[in-house]
Amino acid sequence: MVKMQKRVFLTKEDQANYPFLKEATNFVENFGVNLRELSIEDYPSIIPRATQWIQDNIEGNMFTTNIKDPDSDILAYPLALAFLFGLKKEWVINRFATSEQKRIKTLLLNENPEHIIEIAKSGFGWDLESININQEEAKFQFSISVANYLEIAPQFHSAEWKLINRYVDKGKVYLRNLEYARLLSGAAENKIKKRAMEEEVRKFELPEKFKPYLINITKIIEQKKDIYDEETPLIWVEEAKPPCVIAMLNDIESGKNLSHMARFTISTFMLNVGKKVEDVLELFSRVPDFDEGKTRYQIEHIAGEIGSKQKYKMPKCDVLRSFGLCVGPDALCEEVWYPLIYYRKKIEEMKKRPSPVPQEQSEELKKVRKRLQKNV
Amino acid sequence: MYNVVLEQFQHYYKSLRKEDLSLLHFREREFAFLQFDEQTMIRHMSFENEAEMKDYLTIRPPAHLYYSSAYYQNPQDSNMGRKGWIGADLIFDIDADHIPTECKKNHDTWKCLDCNEGGVGFPPEECPNCKKKRISTNTWVCDECLLVAKKEIFKLIDDYLIPDFGLSEGKIEICFSGHRGYHLHVIDDSYKILNNDGRREIADYVRGLGLKPDLHGFKVISKKDPLLMGPDIYNKGWRGRLAKSVYAHLNKCNSKELKKLYLQEKNEDEEEYRERVLQKISGSPTWWGGLSEAQIKKFYVIALEAIKDMACNIDERVTIDTKRLIRYPNSLHGKSGLRACRISYNDLERFDPLGDAIAFKNGSIKVYVKDVPKIRIGDTEIGPIKEKDRKEIEVPMALGIYMICKGAAKPV
Ligand code: SF4
Ligand SMILES: [Zn+2]
Ligand SMILES: [Zn+2]
């Protein structure tokens, strides 16, 4: 099935659009733009592009590169990363990376196969192969090696991306329809997050002279942090619970015994969204092997009231997934890496949605819900 | 540990050539030892080369010698950050101990630590008497269970690694652990950077976990005219495996089982029905059409049932772990005195773990045997000897050391 591929060349525009390409990073290196030097001050026109990039990505608008001046945008990207890392906020980095993923996915959907192959090779050292097979329910456009596939696919946490549910043959995984775009953009997203965890980046301090350029961005961050920042306190909103939490609550409801991890997850979740130790205790009083003394001790420990005096964090999605506690994720799950962010986003979504319920009636509903909640 | 064992181990390591200790990426590995009669493992060791390691082993022969599946920038550093993980081999572990077999009744016993209830064979998950889970076991291996483990290795290679993962025999290294099972190492750099999540996917794949037949074509596309977009018995990977399993099951099931699957839909009896369906799904291209939705659901059940037969019984923890310690090839196993040995794919069929892995080929030893089931080492069989019949006998060195290492005998 190996076909002779037409070599295509990656243009300057490609490099601006896909800043993870080898060609783009080489170009940047030649200009001496890196965290240690940031000699970018010699190119003042680039700074506004870099801040624009961050701003768009935080706000969830698609950043569009300037095809008339791709060089500036190629250089703007590493500067944008430097600003981003200098801000030292995990949620901002995650948000930036997720928006980049979406931006890149959209662009990739409009590329032709030769181009896509070249981008995968240059960006991630992946060997995509163009194929053309129709199975009844899917068209396969590309194959990729199992090892390359597994660098990224597991983070999508869904049954259809599980290796065992793929068509696998002779070391290749077949990609259905437009899946290549999700995989490649996922790799781009990963690259940013991984870079953020490197020692050099964690130690990096943005030079003072750049700080004035970030005033606007800081404002936006301030506005958005309610949704994304883990530090902002939360209140209990019944309808915003993520699917994993709903599933675990249902298990309690139906009298099942929960695993240790499930209990820990539920406890951290409840305590993080404004519930008290007593509320959690009451909830667990329904499981068959309930032992009040022991459970109270554990919950108080998790709440940080005794022991290490530190409130425990809720486990991230990938941890829950590996414990089999992540249940078939919905569309919103696709965008989050942390159940509490699911929760925040859901609340935000609900605020935007005009309530179809008339005012008086909704007061009544609230009361009913309150009663129901007590019984949760 | 008794002197004779230490002497034999020492003698063995002295006789090794340094090539016997060769290992890929030697300088980047962490080594670990467990000495006889010691509880704590000596970790974070590194050696310049194989010769240096050999000298060490000769001076202090360990009961167990391990190397890390991971490669590190500074293997001797105990701080994970500074150690600098570079990558890790992809490894599979198949252990006779984890596979329930009939023969376990003959050589294994278990005992509840809480109420003293006990029994023979594969240990229960919880004590049937007091329901507690603290269960101690006394386990042995025999030809039968080692053969089952070997079959699993063949299944892993022939059904998964070669066809699905596209590996060639040359990229597969098999190793007998020196006790109860086999390790399989994939020598292919493309897997080395995978994290736990990626490796878990590989483990799940060969264990048949998380399989959704509807993602392999067992899916009704229209309720009105139920049509299965079939998997095809000529398909590769799990898709083909599922189609073949339905075919095989339908083909071999007896008339009672067939009755369960059969739904009277047309004017045909069960056998006619069997014929019709078999023909449909073995045609080229396969055509699963013209079956009712209820019928398709039954296939779904067969498919899920068949997964169990096809899945491979690996210990997934070993595959998922990116920092596993692995027994060193050509080192001795302190619980058996047998040699951990590399075996090529072509030799695996003929390989006799309880013979070819013998390290102490000469001499005999007088031992006092306390309690053993029927066992064999090399050409000598012994047992069963019950505790009340304990006795002194002279046996070949390898068998004697084996029983001593297992704690069932002591030198006279
Ligand atoms: S993706 Fe995250 S939030 Fe969604 S169900 Fe899974 S664990 Fe919960
Ligand atoms: Zn018991
Ligand atoms: Zn056996």
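The values are calculated or read from the model by the stated rules, or taken from the named source; none is laboratory data. Note that the coordinates shown come from a computational prediction; the quantities given were computed from them, not determined experimentally. Please note: Cβ atoms are built from the backbone with ideal geometry, for glycine as well, and neighbour counts cover all protein chains shown. Each accessible area value is taken on the protein alone, full model and side chains, heavy atoms only, with ligands, DNA and RNA left out. Shrake-Rupley method; radii C 1.70, N 1.55, O 1.52, S 1.80 Å.
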| said: What does the extension gain come out to for A:Glu305 and A:Lys193, with contour length at 0.36 nm per residue minus their alpha carbon separation? | reply: 37.0 nm
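As a test of the formula, what do you get for the protein assembly as shown when each DSSP H run with n ≥ 4 contributes -39,500 (n - 2.57) and the sum is divided by the residue count, at 222 nm and rounded to the nearest 500 deg cm²/dmol? Intermediate values should be presented prior to the final figure.
Details: 31 runs with 334 residues, N = 788.
When only DSSP H runs of four or more count, the value is -12500 deg cm²/dmol.
For the protein assembly as shown, what is the convex hull (Cα atoms) projected area averaged across all directions, in square nanometres? Numbers along the way, then the final one.
On the way: hull surface 172.1 nm².
One quarter of the hull surface, i.e. the mean projection, equals 43.0 nm².
Tell me the relative contact order for region A:108-179 as a rounded percent, counting alpha carbon contacts under 8 Å between residues six or more apart. Could the numbers behind the result be given before it?
Values: 83 pairs, mean separation 19.5, N = 72.
RCO, region A:108-179: 27 percent.
Give me the inter-chain shielding for B:192-203: mean count of other chain Cβ atoms within 10 Å, whole number please.
5
Please compute the average number of Cβ atoms from other chains found within 10 Å of each residue's Cβ in peptide A:94-105.
Details: counts 0, 0, 0, 0, 0, 0, 0, 0, 0, 0, 0, 0.
Mean partner shielding for this stretch: 0.
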| What angle, in degrees between 0 and 90 and rounded to the nearest 10, separates the Cα long axis of helix B:50-59 from the longest principal axis of the Cα atoms of chain B? | 60
| note | tail above 18 Å in the computed P(r) of region A:42-99, as % of all Cα-Cα pairs, reads 28
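Where in region B:4-90 are there trypsin sites (Lys or Arg not before Pro) that are in a DSSP coil and have at most 13 other Cβ atoms within 10 angstrom of their Cβ? Walk me through the numbers on the way to the answer.
Working: sites: B:Lys14, B:Arg17, B:Lys18, B:Arg27, B:Arg29, B:Arg43, B:Lys54, B:Arg82, B:Lys83; in loops: B:Arg17, B:Arg29.
In loop regions of region B:4-90 (DSSP not H, G, I, E or B), the sparsely surrounded trypsin sites (Lys or Arg not before Pro) are B:Arg17.
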| task | For region A:173-187, take each phi angle, set θ = phi - 60°, evaluate the Karplus expression 6.51 cos²θ - 1.76 cosθ + 1.60, and give the result in whole Hz per residue in order, putting x for glycine and proline. | result | 9, 8, 9, 7, 6, 9, 5, 3, 5, 5, 5, 5, 5, x, 5
| task | Keeping all protein chains in place, calculate the accessible area per residue for chain A (probe 1.4 angstrom), answer in Å². | result | 50
| query | What are the GluC sites (Glu not before Pro) within region B:1-84 that DSSP puts in a loop, where the Cβ has at most 16 other Cβ atoms within 10 Å? | reply | B:Glu38, B:Glu48
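Using the structure shown, select from A:Lys162/B:Lys155; A:Lys102/A:Lys275; B:Lys111/B:Lys155; A:Lys313/B:Lys133; A:Lys313/B:Lys132 the pairs with a Cα to Cα distance greater than 23 angstrom.
Details: A:Lys162/B:Lys155 21 Å; A:Lys102/A:Lys275 35 Å; B:Lys111/B:Lys155 33 Å; A:Lys313/B:Lys133 31 Å; A:Lys313/B:Lys132 32 Å.
Violating the 23 Å Cα-Cα cut-off are A:Lys102/A:Lys275; B:Lys111/B:Lys155; A:Lys313/B:Lys133; A:Lys313/B:Lys132.
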| query | Where the centre of each part is set by its Cα atoms, how far does region A:257-286 sit from region B:149-186, in angstrom? | reply | 44
| task | State the Cα centre-to-centre distance between region A:145-190 and region B:1-55 in whole Å. | result | 41
| task | Would you mind calculating the relative contact order of chain A from Cα pairs under 8 angstrom and at least 6 residues apart, reporting the percent as a whole number? | result | 14
| Values of log10 I(q)/I(0), in the order q = 0.11, 0.20 Å⁻¹, for region B:16-131 under a Debye, Cα-only, solvent-free model | -0.60, -1.03
| query | Long-range amide H contacts for A:Tyr167: which residues qualify at under 5 Å (H placed 1.01 Å from N, peptide plane, sequence gap of 5 or more or a different chain)? | reply | A:Tyr174
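Ranked highest first by the average count of other Cβ atoms within 10 Å around their residues, in what order do B:305-318, B:378-391 fall?
B:305-318, B:378-391
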| request: Mind grabbing the interface size between B and A? I mean buried accessible area, both sides, 1.4 Å probe, in Å² to the nearest hundred. | output: 2400
| message | Along the charge dipole of the protein assembly as shown, pointing to its positive end and built from +1/-1 on Cβ of Lys, Arg, Asp and Glu, which listed residue (A:Tyr342, A:Asn17, A:Phe140) has its Cα farthest out? | response | A:Tyr342
| field | Residues in region B:233-248 that, when all protein chains are in place, have 30 Å² or more less accessible area than the chain alone would give (probe 1.4 Å) | value | B:Lys236, B:Arg239
| field | For region B:69-124: relative contact order, % (alpha-carbon pairs under 8 angstrom, 6 or more apart) | value | 24
| message | For region A:124-181, compute the orientation-averaged projected area of the C-alpha convex hull (one quarter of its surface), in nm². | response | 4.0
| task | Collect residues whose amide H, placed 1.01 Å from N in the peptide plane, falls under 5 Å from the amide H of B:Ala409; neighbours closer than 5 in sequence don't count. | result | B:Lys370, B:Ile404
| Alpha carbon centroid spacing (whole Å) that separates region B:283-342 from region B:64-119 | 18
| query | Ignoring ligands, DNA and RNA, what accessible area per residue does chain B give at 1.4 Å, in Å²? | reply | 47
| field | Coordinate range along principal axes, alpha carbons of chain A, Å, largest first | value | 67, 57, 47
| message | Helix A:46-59 against the longest principal axis of chain A: what's the angle in degrees, Cα atoms only, rounded to the nearest 10? | response | 30
| said: Can you tell me the orientation of helix B:3-15 relative to chain B, as the angle in degrees between its alpha-carbon axis and the longest Cα principal axis, to the nearest 10? | reply: 80
| note | Rounded to a whole number, the Stokes-Einstein D of chain B in µm²/s (Kirkwood radius over Cα pairs; 10 °C; 1.306 mPa s) is 65
| task | Could you please state how large a percent of the accessible area of region A:48-165 is carbon and sulfur, counting protein chains only and using a 1.4 Å probe? | result | 45
| query | Near the amide H of B:Gly118, under 5 Å away, which other amide H atoms are found, from residues 5 or more places off or on another chain, if H is placed in the peptide plane? | reply | B:Cys112
| query | Which percent of the accessible heavy-atom area of region A:294-333 goes to carbon and sulfur, probe 1.4 angstrom? | reply | 54
| field | Within chain B: Cβ-based charge dipole about Cα centre, in debye rounded to nearest 20 (Lys, Arg +1; Asp, Glu -1) | value | 700
